[in-house]
Amino acid sequence: MGELRFTQSELQLVPYFENDNLVFKDSLSDSIFFPNITRSSYYNWRKYLSYSEEEQKECGDYYEAEQASISSYSNYVYYSLNIYLYFVVENDLQIRKYISIEMNIHHPNDYQFFGKYPFDDIVNYQDSKNSNISFYDSLSIDSIDFYSVYRFKPTFMQNVKQIDSLYYTLNDGIIGFKMEDGKIWHKTN
């Protein structure tokens, strides 16, 4: 049995602390508020994933894998934000690390974002062929300049309005997002 853990620098890919609040504003000063972030890190028993029983026998024992996550929910108007770091053993039996981001906004319309991105495509973005990740040296949102910005596009779509793009820095996390209708929101805190 083995243990898979994230390094401290990997855990910092999600740069939020317990009880943080996230506030986003648009150009009309409307606000979206994600209160009281909770942060947790826990271990799950995982078995190597493969398609055949023969491959499963060759993989050996179970291992314990760390998952780290943050979440926030608002009671008044339904907003939710979840960011997970986790390990996956792919079909080629290579262990890969992912970040998953889910955001739901249900006021005044329903919008959703879901994306799953390999660490390697973020850390080595210049070598990535992932069409759902772009990198900008600098980006201005509502006259606020941000630096070293990743733009994530959703990797899974449902039959609701989509958050078209999510903007993320390794130091600040989510700094903004763009709705399907073109409305852009930016982080204020």
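Take the conditions farther than 22 Å from E10 by Cβ, aromatic (F, W, Y) and modelled with pLDDT under 90 and apply them to F156. Does it pass? So F156 fits the description; yes. As for region 78-100, it holds at least one residue that is among the basic types (K, R) and either at pLDDT 85 or above or crowded, with 17+ Cβ neighbours inside 10 Å (or both). If the condition is being assigned to a loop (DSSP other than H, G, I, E, B) and within 23 Å of S143 (Cα to Cα), then region 16-45 contributes N21, D26, S27, L28, S29, D30. Among the residues of region 162-169, is any free of Cβ contacts under 8 Å to residues at least 40 places away in the same chain and touching an Asp or Glu at 6+ places or on another chain (Cβ under 9 Å)? Yes, because at least one residue in region 162-169 is free of Cβ contacts under 8 Å to residues at least 40 places away in the same chain and touching an Asp or Glu at 6+ places or on another chain (Cβ under 9 Å).
Of note, F135 does not satisfy the criterion of being among the hydrophobic types (A, V, I, L, M, F, W, C), in a loop (DSSP other than H, G, I, E, B) and surrounded by fewer than 19 Cβ atoms within 10 Å (Cβ to Cβ). Looking only at region 148-189, residues that are surrounded by 14 or more Cβ atoms within 10 Å (Cβ to Cβ), within 16 Å of the chain's Cα centre (by Cα) and either of a type in the set (D, E) or not in a strand (DSSP E or B) (or both) come to 6 in all. Taking the criterion of being among the aliphatic types (A, V, I, L, M), loosely packed, with under 10 Cβ neighbours inside 10 Å and either under 24 Å from Y117 (Cα atoms) or modelled with pLDDT of 70 or more (or both), the only residue of region 1-55 that qualifies is L28. All of (1) within 22 Å of S27 (Cβ to Cβ); (2) modelled with pLDDT of 90 or more hold for D142 with one exception: (2).
The values are calculated or read from the model by the stated rules, or taken from the named source; none is laboratory data. The structure presented is a predicted model; accordingly, all values stated were derived computationally and were not measured. Cβ sites come from the backbone with ideal geometry, for glycine too, and all protein chains shown count toward neighbours.
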